[in-house]
Structure formats: structure tokens, C-alpha cells
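K.L.:
To start, I am sharing the structure in question, which I have written as C-alpha cells.
Only the coordinates and a few stated rules stand behind these numbers; no lab work does. As the structure is a prediction and not an experimental result, all values here were calculated from the model. FYI the Cβ positions are ideal-geometry reconstructions off the backbone, even for glycines, and counts take in every protein chain you see.
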Protein chains: 2
Amino acid sequence: MTTKQRIVDQALKQFNTDGVEKITTRHIANELEISQGNLHYHFPNKEVIIEQLFADFIGELETLKRFPEYNMQDPNEVIGSMTDNFEIMLKYQFLFRDNEVVWRRVPKIKADVIQLFQSYKLRIMELIATYRQSGLIRNEISDIQLNYLADQFVFNISTWLVGSTYVGKIKNPHEFYAKTLFRLWLPYLKVEEMQKWEGILTKL
Amino acid sequence: MTTKQRIVDQALKQFNTDGVEKITTRHIANELEISQGNLHYHFPNKEVIIEQLFADFIGELETLKRFPEYNMQDPNEVIGSMTDNFEIMLKYQFLFRDNEVVWRRVPKIKADVIQLFQSYKLRIMELIATYRQSGLIRNEISDIQLNYLADQFVFNISTWLVGSTYVGKIKNPHEFYAKTLFRLWLPYLKVEEMQKWEGILTKL
DNA sequence: GTCTATACAGCGATAGAC
DNA sequence: GTCTATCGCTGTATAGAC
């Protein structure tokens, strides 16, 4: 492994555990037992390390299957899709837990993250439309409320890493919160479908 | 106004706009046109200022009417109750936007905030039980799902200030998100009730 | 209570030897 | 590519005069 890669890996580790504002280039260098001078040879400053980590995050997201490749009529695949996404977010959790700190240092990341979640909303709205055409969704639910449902999905996706700290430790948080996210659907489904989906959930 | 109070007010202002990790005692003193030495006479360090602000936050929360004093059968009062809470959270928003940074500096605040939101969950569960007894809630909804609804309320309350930054600027965010929170109820209500409540919402 | 002055530690960044 | 040495800046904290 190259020194450059070791720096990135170690930075991620320490950002996640100790916070991006506390960890300095010195801390990272010390932990790796290399000199600061060496670290600064590879990265001129902390911002560039953060940018690299964000690029890695986006890169990993793009290795995932795309929505159309999942069979979203199958609840298990829906949960699987969410779990995959959440696992990557968990790996780069400092980007979301300390989002304000990161954004103040590297404003470009804010714009990119916002755009990312907006694209999620579009995909979820398409999914809702599909479910509706398939007759899964209750007829009494208004369009406004369905748009709200999409907002709630995005809201949960974008803030679960913050909200989870209020709840406490969980073994596999990415799996747990994927299932939690899935529960958002239930009261919007027709009764038979709701009970079927809830059955799947309790068996997992 | 005493110097001590002026320091607290100015600190809150700058923490909210520029971030608690960036603002130092020097910044606050400069902005107030007093010396650092003077500031340190009143507050030994930044942590104590933060603790003071948190105490003020709790103090303001306690001036609110308590749940039983609201008529929670009246949707308008439900929204009003949420709006009141959100307004105070908005005033002290750095505590929630930069929660991790604050907690790393003053760990006690983390424990207190977690406890606060847990007490919210209990109150919401009581409210759900009341609504259920009044026959407002759909019979098909399982107990697990109702517990989940309470979790969703707490989740939304604890993270709305984070989630709102992903959405964009809004004039009166505390009002807007109180209404948003209110919409969580709708798909859990019996149809006639749901339509009544949704009607109230669109009129506001 | 408020000021000036100062000490001290830690961070970011660079120069220069190997 | 890696090291040591060092500089300038900023943040925290204290001493002492008024």
C-alpha cells in the first residue's frame, strides 16, 4: 500500500472516531509513524484529504447497482438496496455526522451532497409512481402526501447517521436503519400489502 | 445589559452563523470590542460559555406550556405546541447542527439531550395511546408500527435542523417544520379524520 | 471590572539535507 | 520519498496595572 493511500485510510479512521475538527495533519502523521513533512508532501493540507475521501465515497456509491437493476417490486430487494447505500454512508460517516464542519471547510462538498440527495428524491418519486400504478398504494392518499413521503425518505436517508447517535449503539446500524426506512412505506400501502410487507420485516 | 450577558448573546450569534469550532474567545471579544482578558474574567473558557447557552436553552424550554395544558385533540394546538418547541431549538440551533462538535467538547450535554428526546418519546407515546382510545387511529396499524411512529416523531424532532440544511432556505423554518412534523400523523388516521386534518394543514 | 502584556501550546506550512 | 528543523500564526490562559 502506498503512503498516500495509508494517509487517506488513517484520516478516515480518525475523522470518524474523533471528529474532523480535532484531527490535524500531525495526529495522522503520528499515528502512521511518518513525519508531518512527509504527509505534507502527499497532501498540501487537510482540505485536500477531505476532498479525496469525498471522491472515494462517491466512487463507491457508483459501484452499486442502479435502481432499475433492482427488482423494486420485491420488498427484500428494496431493503437490500437501502442496506447497500447505508453501508457506504456508514464507512464515510464523518461526512454526515460532522456535515456542517466539513462543509465550512470545503463548501463544494455541500453542493454535491445536496445534489446527490435531490437525485435520490427523484428516484423515490419514480418508485412511488410505480407502486401506485401497480395498485399497492391506498387510494385515499393525496398527491401532496405522497410527495411528502418522498421527502421523508430523503430526510431519513440524509440524517440517519445523526439521528442514530440520539438512540444509542446498534450492532449493524446500516442494516437496522435500512429496515427502519422500509417501515415508512407501511401505512401508505393497502391493508393486504401492508401486512405482507410487515411480515417480511419481522422475519428478517 | 451586563458584560456577561453580552458575551453569551454574542457567542450564540457567532456559534450559530460561523460554527462553534471556528469561533474562539478572541472572535467574540473582538466583536464586542472588549479585551480577551475581560472575557476570560467572566468565562474561564469556551466550554463554560457553551454550558451556559445549553442551560439557557433548557430554561426556555421549561417556560413552555406542558403537554397536558395543550388540548391535543385540537390539531391546531398540536401544531402550535410543535412550533413553540421548534422556535427555541432554532434559536439555539448550533446545539443541534453542530451537535457532535458540541458533545465532544462538553460530553455532559450529549447525555442531557438524549434524555430530553427520550422524554419526548414517552410523551408522544402517551399521545398516540390517547388518539387510539379516541378511535382516531386506523385499526389495522400494529403496535410495532405505532411504536415506530413515535420513533419517527423523535427522529424528526431531533434532526430537523440538520435535515433542513439539505433542503434550502425557508422563511420561518420552525413553522414550516412543525407542519411537516404534523403530516407524519396523516396516514395513520382513519380516512375521515385524515381528510379533516389535511384540510386544516392546507388552510394554514 | 476592564485593560495591556505576555507566556505557552498546537497547528499549518516550507526549506533543505539525505 | 522521507526526514529534521524551523517559522509564523492563532488560540488559551494568566499576571499585574488601573
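K.L.:
Compute the acute angle (0 to 90°) between the alpha-carbon long axis of helix A:191-203 and the principal axis of greatest extent of the alpha-carbon atoms of chain A; round to the nearest 10°.
P.N.:
Relative to chain A, helix A:191-203 is tipped by roughly 40 degrees.
K.L.:
Any idea what the A:A55 label distances to the other copies are, label 7 Å down the Cα→Cβ vector, nm, shortest first?
P.N.:
Relative to the other copies, A:A55 has label-point distances of 4.9 nm.
K.L.:
The range B:186-202 to the range A:30-85: how many Å between their Cα centroids?
P.N.:
The two parts, judged by their Cα centres, are 41 Å apart.
K.L.:
Quote the charge dipole size of the protein assembly as shown about the Cα centre in Debye, to the nearest 20; the model charges only the Cβ of Lys and Arg (+1) and of Asp and Glu (-1). Don't jump to the answer; show the numbers that get you there.
P.N.:
Values: 50 positive and 52 negative charges, 78 e Å.
Using only the charged Cβ atoms, the result is roughly 380 debye.
K.L.:
Among A:Y188, A:Y131, what is the fewest-to-most ranking by other Cβ atoms within 10 Å?
P.N.:
On the way: A:Y188 21, A:Y131 18.
Lowest count first: A:Y131, A:Y188.
K.L.:
Would you please classify the overall shape of the range A:49-204 from the alpha carbon gyration tensor, given that a ≥ b ≥ c denote the square roots of the eigenvalues, rounded means a/c under 1.5, and beyond that prolate means a/b larger than b/c while oblate covers the rest?
P.N.:
prolate
K.L.:
With the Cα gyration tensor of the protein assembly as shown giving a ≥ b ≥ c as the square roots of its eigenvalues, does the rule (a/c under 1.5 for rounded; else a/b larger than b/c for prolate; else oblate) give rounded, prolate or oblate? Before the final figure, lay out the partial values.
P.N.:
Numbers: a/c = 2.33, a/b = 1.26, b/c = 1.84.
The shape class here is oblate.
K.L.:
Next up: Let me know the longest stretch in chain A that avoids all trypsin sites (Lys or Arg not before Pro) found in a DSSP loop with at most 10 other C-beta atoms within 10 Å.
P.N.:
Longest run free of exposed loop sites: A:67-168.
K.L.:
Something else now. Normalised by the number of residues in the range B:110-204, what is the relative contact order in percent for Cα pairs under 8 Å and 6+ residues apart?
P.N.:
32 percent
K.L.:
Do any GluC sites (Glu not before Pro) in the range A:17-85 lie in a loop, going by DSSP, with at most 11 other beta-carbon atoms within 10 Å of their beta carbon, and if so which? Walk me through the numbers before you get to the answer.
P.N.:
On the way: sites: A:E21, A:E31, A:E33, A:E47, A:E51, A:E60, A:E62, A:E69, A:E77; in loops: A:E21, A:E33.
Sites meeting the loop and neighbour criteria: A:E33.
K.L.:
Percent relative contact order of chain B, based on C-alpha pairs within less than 8 angstrom and at least six residues apart? Spell out each step's value before the answer.
P.N.:
Numbers: 141 pairs, mean separation 43.9, N = 204.
Dividing the mean separation by the residue count of chain B yields 22 percent.
K.L.:
Treating the point 7 Å from Cα along Cα-beta-carbon as the label, what are the nm separations from B:E77 to the other copies, to one decimal?
P.N.:
4.9
K.L.:
Another question, then. Strictly over 28 Å apart at the Cα level, which of A:K4/B:K46; A:K13/A:K108; B:K65/B:K179; A:K4/A:K179; A:K22/B:K65; A:K110/A:K190 would you flag in this model? Write out the running numbers ahead of the final one.
P.N.:
Working: A:K4/B:K46 36 Å; A:K13/A:K108 22 Å; B:K65/B:K179 19 Å; A:K4/A:K179 37 Å; A:K22/B:K65 39 Å; A:K110/A:K190 38 Å.
Cα-Cα > 28 Å for A:K4/B:K46; A:K4/A:K179; A:K22/B:K65; A:K110/A:K190; rest within.
K.L.:
Does anyone have the angle between helix B:3-18 and the longest principal axis of chain B? Alpha-carbon axes, 0 to 90°, nearest 10?
P.N.:
60 degrees
K.L.:
For A:L116, place a label point 7 Å out from Cα along the Cα→Cβ vector, do the same in each other copy, and report the separations in nm, one decimal, smallest first.
P.N.:
For A:L116, the other copies' label points sit at 2.9 nm, shortest first.
K.L.:
Related question: Could you tell me how many degrees, from 0 to 90 and to the nearest 10, lie between the Cα long axis of helix B:75-91 and the main elongation axis, the longest principal axis, of the Cα atoms of chain B?
P.N.:
20 degrees
K.L.:
I'd like to know which of A:Y70, A:I58, A:N99 lies farthest towards the positive end of the charge dipole of the range A:36-118, counting +1 on Cβ of Lys and Arg and -1 on Cβ of Asp and Glu.
P.N.:
My answer, from the dipole projection, is A:N99.
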